[in-house]
Every structure is written in structure tokens, then in C-alpha cells.
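A.B. asks: Below is a structure I'd like to ask you about.
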């Protein structure tokens, strides 16, 4: 009897529990139902961070540029710099001194004015060794910038960076740097809210509301779900912000992105990894798919601090055993060009030197010379790639099979999530690792500077003093032809003689949006599309 | 009729009776035959691609699952019966290869769960009393752990550490198989709980039977009683749950591989093949041959295993005898 009673009670209890559960579910469903956004964009991988100083990914940068602005900003159509937080600037005769005049109507979204001290703070923060910004090299053009970043100089007042008054910033450069205004628009150099960072420390981006200096404010950031931004009414150019609520979705799979787009749940797909390569032959013919020349190179890095990749012959052997034609013809298929050197064609006054061509016989010879004839005794090694899109995995499988067939060596694949993948690269915890580099400004040095010994984006462990000095001389050189020669010598060292990296192909850009429904997106080599000008018709 | 059957039963051992009942269950018998056929097909793959044999079979049956070719996304044809994938690899051989790995993980995983589960359950049931309570509460606690998450944690936490050890102790190729071994152990280690409970229940009722008392009186050791007298009497139940564990482990493995946590490319299992096929589902063009064969194979295997398991359970269930 008692068991029966107990069961009956339990039954009644479970009814109550179920009832309450249903109520709770209904209400939470009500709460979570958000009004739809005016514009939905598929942005690429989940951002590593939205702190300008801490990210390097292009997808992260696009969101950052909607929240924060630099002294200059990108023009919507050409991605060339135009006045941003700085209303105007003076450049000295010798091209080494810049004086920026901030806008008087530039304010944080909370209402405080954006002062020259904020600029100095933001840029010093990038160079601060404690922050360890991987992109600090963008400010190595500033006087004493590099010395400060590597800790040689401790006193920040020695930097070529000074607030003359509340509205004026003076910048002294080492050399005349024709692309410095380009750099000023780059996400890393955006002006960040000093007061919020001082108050909340590392967690300033989770202390809502986050003060923003750009066209949008951060409304919500739900991991692996979406980032929602809302128009910042206090932005100096708010009158020209075209959409008021924008959702930026993280998405890793090209087929998911395409399905969302085709079913009308997303308006724009603009990440370079999210073109469904298997369908490119069909998609290319459609008017809403936009191809463009892209200033980016797909390559992989060797960790030269690990055996056997510390041996240049091994690196060269692996590089020469890759049939890159097959990879662009069979896997990527969007019209990419095979790359034997790092700098893509199309930059002014520069042509890359030849790199290592496909030559399996020579590759086998080099490998034998390094002590691994026929791949004998070659240790097992790993190839690291991130889980965005399927291309990386497919390319990895191709490389694996090519090396097994041509050189007789075995490689294991390791797929990692974006943030973990970046961490592994930074700590040099890998053997080989897939990478890409998108130019940050229209000059070959945006690619070549990456592999300077002290550059935070080097991530190969490769340090070469000859390379460093060639680039340093090139940056000081004012004669265009002489400068190109020095850069070419440096690039030859990088892709032919030392090969700490192996370029695979030059990206062909591919974005999809319907121009009948969306306006304000313009194709450009940098694939930069300021959010402020985009609008659904 | 019933009189005749009862006369027959007198001459048959319980296992023979069970076998007879199993045969008369048509779905189970057909599934059993299908299962045997699937296993034979799967095992034939590596034999057919041997150089001595490959000259005598159609070329389509002797393709390598790893060799790249120029024929990308080829539709099913005379040369590639199930078409090819993005790398131009033959899908028939890949499905067979994937099924081999899936079944291997299923069988070895079930074996691991068998050893742990039977030993744990038999010991708990035989010791009874306080030890039984303690051991069964441990099982209860483990039941609350979400098993798939547990396996994911196990694999990611130990893989890096143990791989280095293995690379030092064994050859490089051995490390490539490390993940398989992890899957075996990991999936087996979370699938023994039900087995332990069932065996423990059976043993608990058997240990008070007269024949056990008799052998104890004759001075048999505990180990002898457990292994010679008790376990043979629970073998029927064990076989039934073993056949039901295999499909659940196959499914777990496919799930892990679908998520990219199980088998690593270029190896394949049914789950990773399905994931590759699913990536091709879109409103514009579907390569159906990449998704239907692995899904069909997985569904057929799982259904057959479940039907066989059900049939065996009915066959061994003594209470159904009077029907």
C-alpha cells in the first residue's frame, strides 16, 4: 500500500513539476524572443576577442571597426583612408611628423569627449609589452616604438607620440611612411575607452554598456550564437549610419552559410572561408555572387624550433613536393592563383621573386640529404588547422597524401577551434600550421614585415638578422626602385632560401549579397566593408 | 500440439531451445543473416585489394580508400560503384573502410564493457550485503555522468600526453592508431553500467540456489563457484546485452566522428563519412551518393543488431517458454 501511495504522490508531484517546467519554458521563450535585426551578416569564425589590441583575425576586425574608430577610417568603396576621429592632419616636409586634429564633436557613446589623451593611451597600450599585442609591429614605424615594445625602453615619454593639447596629437615616425594613414584606419589602432579599461581591467568588454567610438554600440555578444550591434546615436557621423540594428553571426561551415543565405535568414556572407567550393562552378554565374581580386595569401608555417623542421633542407623538400595546381584546381576552385611567393601581385611598384616550384625529384634528394632517404626515420608530425569551412581540412588531406606518396613521410592532422588554434600558434605548440595573411595596406611590407624577428605575427620561431636588416633598409629607402630591390631580396630569403613558410595560393575573393536587396557594399581588394554604409533596401 | 512440444523440450538443453526459438522469430533470423552478410562484405575489402587477388575481381571492388584521383565528385559508374568524393577517392571502398572501423570500435568497445561490466556486476552480486551496496552506488553515480561528454573529455585530456609516450615507445604508425584505441577504451568504459546491473541481479538470485550451496559445501573456492557455476548460468543474458551494446557504441562512435572528435582524416568511419555527405546538402546541388550509402549502411547495421538483440532476448527469456 505504502509503495502505491508513494507512487501516486510521485505522480502528482511530477505533474506539478511538468506544469511549472512548461510555464518556465514558455516565459523564457518569450523573454528570448528578440526583435529581428535590420541586417544579418554572416561574419566568419567566432571572434577571439573584440579588444582591438588582442585580435588578428579579419572577421574580428570587421566587428571592431563598427564599434571603434581610428584617426582615419576606410572609405566604403575603395577602402582607402579618409578622416575618421581626426578631422584633418598636417604632414611635415620630410614626411616624418604627423599632426592630427581630432574632431570637436567626437564623443564616446556614453557622452564624454574623445580626447588626444585617449589616442595616446590606445596606441601606447598596443606597444605595451604587458599587453603583448601581436600587431604591435604596426606602430614600429613610430619613433622608439619597437624599442618600447620589446622592453628596451621603459619610459613612454620617449615614444614619438604626444598629445599637444586636448584635441591635437603629434606623431614622429622613424622614416617617411607613405601608408601611415592606411595603418591609422586599421582595427588594431582604433581608439579604445581609457576610462572603461581602467575601471574594469581585462573584462572591459563584458561590462555593459561598452563605450564605443564607432558607428555602432555592442548590444549583445552570445558565444557561438550572435553579436548584435545597435546604431550609436552619438557617433560624429551618425546621420550617415544606414542600418540601426545589425546581427553578425559566427559561422564555420560554408554549406551552413549558404543555406542561411538561400533561405533568407542572412543578407550578406563576406568571409573568405565561407564560399562553398563544391558549388563554385554554379555560383560563379549568379549575379549575387561577387568575385574580386583579393590581397591575401594562403600559406603554411613551419615551427623552425622543432626537429626536423629546423633543417632548411627538410622545409624545402616539403615545399617542393606539393602539387599546388591540384589544390587550386580541385579544392579551392574559385580561380585562385598558385603562389610560390608570399606577396600577391597587384601591389604598386613591386613584383615578387620566384619561389620554390613543384619538383618532387629534387624534394626527395633534399630529404635524403637531410638524413631521411625515402622518408625513413622521419618522425611523425602534426599539421594544425582551424575548423572554419571545409577547405582547410581538404587541403590538409591533399598535403598529407602528397607527402606520403612523394616523400614517404607520415603526417597527422589536428583540427582546432579558432581561439585554441591561435593560442597554439603563439606558443609555438605545433609542427606545421595552416595560415593566411591579408594585406593591411597597399604595400609589400604589409606581408614581409610579418616575418621580422620581433613581429608578434611571426609565429614560426624563425629569426633572421639579414632579413631584418634588408627590411629596415627598405623602409628607410625613398627611391622606389631601390626599395623594391631590397624587399625582393628579403622575400627571396623568406620563400626560397630559408622557407620558414610555404605559400600555397593567392586568394580569390568571393562574397555573396543580392544588390537588388542590399546597398552600400562595394568590392575592393582588401575586402573591407564598413558597416555604416550598408542597408537593406 | 502443446503436448508434442513439451515432449520435445525434454530432450533439449536450454541453449538449444533458445536457438530454436530464435530461428522461428523471422525478423531476428533475417537480421542475423543480414548482419553476417554485412560483416563478410566489410571484411572482404582489404582481401580483395591484395595484389594477388585484385586481378580476378572487378576493378571497382579493389579501389583503395585513401588514394587520391583526378575524378572529383564522380557520380556512381562502372569504375566507382558508389561514385567519388572531393579528393576523387572511391566511395565504395571508403564506406566499407568506414564500416570496418565503426564495427571494430563497436565490437571491441562492447568487449571492454563486457569485461568490466560482468566482473563488476558478478562481484557485487556474489559479495552481496554492504559491498554490493557500495559497488552499486558507484554504478549509480557513474550513471549520472553524461557519457558522451565524459568520452570527449577523456579523449581530449589524455590524448596528447599518451600520444607522446606511445611515439617514444612504439613506431610513428602506432600513434596514428592511438585515437582508435582511445575510442575503444573510452566508449567501452562508459558502456558497462547496464551490463553490471543486470549481471548483478542475476547473480544475486543465483547465489542462494541449492547447487551453489552444494558446491560450497563440497569446499569449492569462491573463484570456482563464480566462474564455473554462476557465470555460465548468466551467459544468455550477457549475450543479449552484448548484442544491444554493440549498436549503441557504433552510434556513439559515429556521433563523435560526425562532430570531428572521433576518427581523424584521412581515416574514415561511418560518422565522418556522413558528416562529409551532410556538408553537401544545400538548395543548389546535392551529391546524393555521398550521403545515402553511409547512412544506409549505418541504419541497416544498427537495425539488424537491434533486431538480433531483441530476438536473442526473447529466445533466452524463460518466462516466454510457456507461450
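A.B. asks: Limited to segment A:164-178, what total is found for residues that are touching a residue at least 60 places away in the same chain (Cβ under 8 Å) and either assigned to a strand (DSSP E or B) or under 27 Å from residue A:249 (Cα atoms) (or both)?
C.D. replies: Within segment A:164-178, residues that are touching a residue at least 60 places away in the same chain (Cβ under 8 Å) and either assigned to a strand (DSSP E or B) or under 27 Å from residue A:249 (Cα atoms) (or both) number 7.
The rows are residues; the columns are (1) farther than 30 Å from residue A:459 by Cβ; (2) at pLDDT below 90; (3) in contact with a strand residue (DSSP E or B) (Cβ under 8 Å, 6 or more places away or on another chain).
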position	(1), (2), (3)
A:82	yes, no, yes
A:87	yes, no, yes
A:97	yes, no, yes
A:113	yes, no, yes
A:119	no, no, yes
A:124	no, no, yes
A:132	no, yes, no
A:143	no, no, yes
A:159	no, no, yes
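Results for (1) within 14 Å of another protein chain (Cβ to nearest Cβ); (2) over 20 Å from the mean Cα position of the chain (by Cα); (3) outside any helix (DSSP H, G or I); (4) within 27 Å of residue A:286 (Cα to Cα), shown as yes or no for each residue.
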{"position": "A:316", "(1), (2), (3), (4)": "no, yes, no, no"}
{"position": "A:334", "(1), (2), (3), (4)": "no, yes, yes, yes"}
{"position": "A:353", "(1), (2), (3), (4)": "no, yes, yes, no"}
{"position": "A:368", "(1), (2), (3), (4)": "no, yes, no, no"}
{"position": "A:377", "(1), (2), (3), (4)": "yes, yes, yes, no"}
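A.B. asks: Go through (1) surrounded by fewer than 21 Cβ atoms within 10 Å (Cβ to Cβ); (2) in contact with a helix residue (DSSP H, G or I) (Cβ under 7 Å, 6 or more places away or on another chain); (3) within 14 Å of chain A (Cβ to nearest Cβ) and name the single condition residue B:290 misses.
C.D. replies: Evaluating residue B:290 over (1) surrounded by fewer than 21 Cβ atoms within 10 Å (Cβ to Cβ); (2) in contact with a helix residue (DSSP H, G or I) (Cβ under 7 Å, 6 or more places away or on another chain); (3) within 14 Å of chain A (Cβ to nearest Cβ) leaves (1) as the failure.
A.B. asks: Another question, if that's okay. With respect to residue B:127, determine if the residue is surrounded by 11 or more Cβ atoms within 10 Å (Cβ to Cβ) and closer than 24 Å to residue B:250 by Cβ.
C.D. replies: Here the answer is no, as residue B:127 does not meet what is asked.
A.B. asks: Taking only segment A:270-314 into account, find how many residues are touching a helix residue (DSSP H, G or I) at 6+ places or on another chain (Cβ under 8 Å), outside the structural domain of residue A:337 (by TED's automatic domain parsing), in a helix (DSSP H, G or I) and touching a residue at least 24 places away in the same chain (Cβ under 8 Å).
C.D. replies: Residues flagged as touching a helix residue (DSSP H, G or I) at 6+ places or on another chain (Cβ under 8 Å), outside the structural domain of residue A:337 (by TED's automatic domain parsing), in a helix (DSSP H, G or I) and touching a residue at least 24 places away in the same chain (Cβ under 8 Å) within segment A:270-314 amount to 1.
A.B. asks: Counting only residues that are more than 23 Å from residue A:329 (Cα to Cα), surrounded by 21 or more Cβ atoms within 10 Å (Cβ to Cβ) and at the interface with another protein chain (Cβ under 10 Å from one of its Cβ atoms), how many does segment A:258-277 have?
C.D. replies: Matching residues across segment A:258-277 total 1.
A.B. asks: Please work out if residue B:101 is over 26 Å from residue A:408 (Cα atoms) and either at pLDDT 80 or above or under 24 Å from the mean Cα position of the chain (by Cα) (or both).
C.D. replies: Considered against the rule, which asks whether it is over 26 Å from residue A:408 (Cα atoms) and either at pLDDT 80 or above or under 24 Å from the mean Cα position of the chain (by Cα) (or both), residue B:101 comes out as no.
Okay, residues lined up against (1) in contact with a helix residue (DSSP H, G or I) (Cβ under 8 Å, 6 or more places away or on another chain); (2) crowded, with 20+ Cβ neighbours inside 10 Å; (3) outside any loop (DSSP other than H, G, I, E, B); (4) in contact (Cβ under 8 Å) with a residue 12 or more places away in the chain:
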position: B:246; (1), (2), (3), (4): yes, yes, yes, yes
position: B:254; (1), (2), (3), (4): yes, yes, yes, yes
position: B:262; (1), (2), (3), (4): yes, yes, no, yes
position: B:273; (1), (2), (3), (4): yes, yes, yes, yes
position: B:284; (1), (2), (3), (4): yes, no, no, no
position: B:294; (1), (2), (3), (4): yes, yes, yes, yes
position: B:310; (1), (2), (3), (4): yes, no, yes, yes
position: B:314; (1), (2), (3), (4): yes, no, yes, yes
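A.B. asks: Looking at B:116, B:149, which one is closer than 25 Å to residue B:255 by Cα, free of Cβ contacts under 8 Å to residues at least 40 places away in the same chain and either more than 14 Å from chain A (Cβ to nearest Cβ) or surrounded by 16 or more Cβ atoms within 10 Å (Cβ to Cβ) (or both)?
C.D. replies: Among B:116, B:149, only B:149 is closer than 25 Å to residue B:255 by Cα, free of Cβ contacts under 8 Å to residues at least 40 places away in the same chain and either more than 14 Å from chain A (Cβ to nearest Cβ) or surrounded by 16 or more Cβ atoms within 10 Å (Cβ to Cβ) (or both).
A.B. asks: Looking at segment A:408-436, which of its residues are away from chain B (no Cβ under 14 Å) and closer than 22 Å to residue A:358 by Cα?
C.D. replies: A:432, A:433, A:435, A:436
Here is a yes/no grid of residues against (1) in contact (Cβ under 8 Å) with a residue 60 or more places away in the chain; (2) in a strand (DSSP E or B); (3) surrounded by fewer than 18 Cβ atoms within 10 Å (Cβ to Cβ):
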site	(1), (2), (3)
A:95	yes, no, yes
A:105	yes, no, yes
A:118	yes, no, no
A:126	yes, no, no
A:131	yes, no, yes
A:134	yes, no, no
A:146	yes, no, no
A:157	no, no, yes
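A.B. asks: Could you say which residue among A:461, A:456 is farther than 22 Å from residue A:58 by Cβ, outside any helix (DSSP H, G or I) and more than 14 Å from chain B (Cβ to nearest Cβ)?
C.D. replies: A:461
A.B. asks: Please work out if residue A:409 is modelled with pLDDT of 90 or more, buried (at least 16 other Cβ atoms within 10 Å of the Cβ) and part of a loop (DSSP other than H, G, I, E, B).
C.D. replies: Answer is yes for this residue.
A.B. asks: Name the residue that is nearest to the other protein chains (Cβ to nearest Cβ), counting only residues in segment B:53-66 that are assigned to a loop (DSSP other than H, G, I, E, B) and either surrounded by 14 or more Cβ atoms within 10 Å (Cβ to Cβ) or touching a helix residue (DSSP H, G or I) at 6+ places or on another chain (Cβ under 8 Å) (or both).
C.D. replies: That would be B:66.
A.B. asks: Report the residue count in segment A:477-515 for those that are assigned to a loop (DSSP other than H, G, I, E, B), surrounded by fewer than 20 Cβ atoms within 10 Å (Cβ to Cβ) and touching a residue at least 60 places away in the same chain (Cβ under 8 Å).
C.D. replies: Adding up the residues that qualify gives 3.
A.B. asks: Follow-up. Here's a check for you: in segment B:159-186, which residue that is more than 12 Å from residue B:261 (Cβ to Cβ) and modelled with pLDDT of 75 or more is surrounded by the most Cβ atoms within 10 Å (Cβ to Cβ)?
C.D. replies: Looking at the filtered set, the residue picked out is B:184.
A.B. asks: Would you please name the residue that is nearest to the chain's Cα centre (by Cα), looking only at residues in segment A:178-200 that are surrounded by 14 or more Cβ atoms within 10 Å (Cβ to Cβ) and farther than 18 Å from residue A:82 by Cβ?
C.D. replies: A:188
A.B. asks: A further question follows. Just give me the residues in segment B:17-52 being part of a loop (DSSP other than H, G, I, E, B) and touching a residue at least 60 places away in the same chain (Cβ under 8 Å), in sequence order.
C.D. replies: Passing the criteria: only B:25.
A.B. asks: Exactly one condition in (1) modelled with pLDDT of 85 or more; (2) within 14 Å of chain B (Cβ to nearest Cβ) is not met by residue A:280; state its number.
C.D. replies: (1)
A.B. asks: Can you tell me which residue is nearest to the other protein chains (Cβ to nearest Cβ) among those in segment B:69-83 that are within 21 Å of residue A:280 (Cα to Cα) and in contact with a helix residue (DSSP H, G or I) (Cβ under 6 Å, 6 or more places away or on another chain)?
C.D. replies: Across segment B:69-83, the extreme among qualifying residues is B:72.
A.B. asks: Name the single residue that is nearest to the other protein chains (Cβ to nearest Cβ) among those in segment A:222-234 being farther than 26 Å from residue A:436 by Cα and surrounded by fewer than 23 Cβ atoms within 10 Å (Cβ to Cβ).
C.D. replies: The extreme case among them is A:222.
A.B. asks: Please go through segment A:382-401 and pick out each residue that is more than 21 Å from residue A:250 (Cβ to Cβ) and more than 8 Å from chain B (Cβ to nearest Cβ).
C.D. replies: Hits for segment A:382-401 are A:382, A:383, A:395, A:399.
The values are calculated or read from the model by the stated rules, or taken from the named source; none is laboratory data. Worth saying up front: this structure is predicted, and the values here are computed from it rather than measured. No Cβ is skipped: glycine too gets one built from the backbone with ideal geometry, and neighbour counts run over all protein chains shown.
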